[in-house]
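The values are calculated or read from the model by the stated rules, or taken from the named source; none is laboratory data. Keep in mind it's a predicted model, so treat the numbers as computed, not measured. Positions of Cβ are backbone-derived with ideal geometry, glycine not excepted, and every protein chain shown enters the neighbour counts.
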Amino acid sequence: MTHEFKNIVEEALIAKSQGIKSVLASVVALDGSSYRRPGVRMLILENGKMIGAVSGGCVEKEILLQSETVFKTDEAKIMTYDGRYRLGCEGVLYILIEPFRPNESFTNAFNKCLENRNNFVIQSYFEKKEGVIFGIGTQVKINNNLFSISKNIVKTKEHTLSVFKQNMPPCFKLIIIGAEHDAVQLCKYGALTGWEITVISGVSEAKSISDFVGAKNFYAISPEQIDAKLIDNQTAIVLMTHNFANDLRYLVALKNTDPNYIGVLGPVKRREDLLSQFIEYCPNVEDDFLDIIHGPAGLNIGSETPQEIAISILSEILAFTKKRNPKSLSKINGKIHID
């Protein structure tokens, strides 16, 4: 959800520069089940524009109406939405609606936090009742510094309020090593998920970042030039150079990094040959590193086109990252989401 909050902050700052006020709506509690869980947020601008969503679409219209009083009074409030009678989700949402006033101190700290790929915490104070309640609001904790994102100052010592805390990791990153047509499609689809995309091509490739829609970074470098600082445990890597020797060189270059996932294109035999030669070059490699290598990359969903293969690979990354065993949701009895 970090990328969603990042987008909200960016849009709020653009609106602020244009003299347009903004309001933040956050789902802070849920009784029962719903389309999305507590921690989802959306931004409402004074001109009626909405950024993000907290449900499949029905709740947003009510939030837009409820936000009108917040724009007028500058007072945070709680609204409830009973989905049992409208959405069929059997849940009651508690939504904090508050003025969103990111100041320069917060913006600088937040941007530095994202750049350094550090965690931060969002904590929202609320009560499970409708209306304006003194002291409710949201703070963001960055490196032990608290930033109130609205004009209200949360006073927890004098008032007993419930708090919803959410630990926010760095934005998930996908590193694509390769520059062929299938890499272009994986980049495009990965960007649609909100992931930060970095593309690495060989030094002789006649490609640039303009060839990859949605990419944040592009590097034309040799395997030995890969900067280990680009890679952390919120990073997935897909090797798709379509050259066995190059894939091997890149895999050797990655041996001392700690990515979340490594995907390799090609049939099982190619993966076995690749790993066999890799272990010859790196006999002391840790088993944990080998465990994150997936080849052929992707879930078996019948993919054939580059676009379908991209969906297959992204699906496997999501499932592996979230420790899920993929199956049809219709085959699941009980909760879909893990608390």
Subject >> Inter-residue pairs, beta-carbon under 8 Å, first under 15 Å from ILE176 (Cα atoms) and in the range 203-214, second outside any loop (DSSP other than H, G, I, E, B) and among the hydroxyl-bearing types (Ser, Thr, Tyr), 6+ apart >> reply: LYS207/SER201
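Looking for whichever is of a type outside the set (Lys, Arg), within 19 Å of ASP182 (Cβ to Cβ), touching a strand residue (DSSP E or B) at 6+ places or on another chain (Cβ under 8 Å) and assigned by TED's automatic domain parsing to the domain that holds TYR189 here; the options are LEU275, LEU251. Which one fits? If you could, list the steps in order and put the result at the bottom.
Working: LEU275 fails: within 19 Å of ASP182 (Cβ to Cβ).
From the options LEU275, LEU251, the qualifying one is LEU251.
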**OP:** Determine whether the range 168-182 contains at least one residue that is among the small types (Gly, Ala, Ser) and within 30 Å of ARG249 (Cα to Cα).
**Re:** yes
Original post:
Can you name every residue in the range 36-65 that is of a type outside the set (Val, Ile, Thr) and in a helix (DSSP H, G or I)?
Top reply: CYS58, GLU60, LYS61, GLU62, LEU64, LEU65
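I'm trying to understand the selection: among the residues of the range 291-306, which are in contact with a helix residue (DSSP H, G or I) (Cβ under 9 Å, 6 or more places away or on another chain) and loosely packed, with under 14 Cβ neighbours inside 10 Å?
Within the range 291-306, the subset in contact with a helix residue (DSSP H, G or I) (Cβ under 9 Å, 6 or more places away or on another chain) is 292-303, 305-306.
Matches in the range 291-306: ASN300, ILE301, GLY302, THR305.
Quick grid of which residues meet (1) over 23 Å from GLY190 (Cα atoms); (2) of a type outside the set (Asp, Glu); (3) not in a strand (DSSP E or B):
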position	(1), (2), (3)
LEU248	yes, yes, yes
ASN256	yes, yes, yes
GLY263	no, yes, no
LEU275	yes, yes, yes
GLU280	yes, no, yes
VAL285	yes, yes, yes
LEU290	yes, yes, yes
GLY302	no, yes, yes
Subject >> Search result, residues across the range 307-339 that are at pLDDT 75 or above, assigned to a helix (DSSP H, G or I) and either of a type outside the set (A, V, I, L, M, F, W, C) or exposed (fewer than 12 other Cβ atoms within 10 Å of the Cβ) (or both) >> reply: GLN307, GLU308, SER312, SER315, GLU316, THR321
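Which one is surrounded by the fewest Cβ atoms within 10 Å (Cβ to Cβ) among residues in the range 98-110 that are in a loop (DSSP other than H, G, I, E, B) and not polar (S, T, N, Q)?
Residues of the range 98-110 that are in a loop (DSSP other than H, G, I, E, B), as a first pass: 100-103.
So of that shortlist, the ones also not polar (S, T, N, Q) come out as 100-102.
Working: PHE100: 25, ARG101: 18, PRO102: 21.
Here the answer is ARG101.
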Subject >> Selected residue (criterion: farthest from SER150 (Cα to Cα)) from residues of the range 115-131 that are surrounded by fewer than 19 Cβ atoms within 10 Å (Cβ to Cβ) and touching a Lys or Arg at 6+ places or on another chain (Cβ under 9 Å) >> reply: ARG117
Subject >> Odd one out for VAL268 among (1) in contact (Cβ under 8 Å) with a residue 60 or more places away in the chain; (2) over 25 Å from GLU4 (Cα atoms); (3) of a type in the set (A, V, I, L, M) >> reply: (1)
Subject >> Only one of ILE197, ILE237 that is modelled with pLDDT of 90 or more, within 21 Å of LEU299 (Cβ to Cβ) and in contact with a Cys (Cβ under 6 Å, 6 or more places away or on another chain) >> reply: ILE197
Subject >> Filtered residue count, the range 201-214, keeping only those that are more than 11 Å from CYS187 (Cβ to Cβ) and either of a type in the set (S, T, N, Q) or at pLDDT 90 or above (or both) >> reply: 4
Subject >> Yes/no for LEU248 being of a type outside the set (S, T, N, Q), touching a helix residue (DSSP H, G or I) at 6+ places or on another chain (Cβ under 8 Å), surrounded by 23 or more Cβ atoms within 10 Å (Cβ to Cβ) and under 25 Å from LEU290 (Cβ atoms) >> reply: no
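Is it fair to say ILE311 is in the same structural domain as GLY194 (by TED's automatic domain parsing), farther than 28 Å from ASN116 by Cα and within 21 Å of the chain's Cα centre (by Cα)?
yes
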**OP:** Please indicate, with yes or no, whether at least one residue in the range 222-230 is modelled with pLDDT under 95, within 30 Å of ASN167 (Cα to Cα) and buried (at least 18 other Cβ atoms within 10 Å of the Cβ).
**Re:** yes
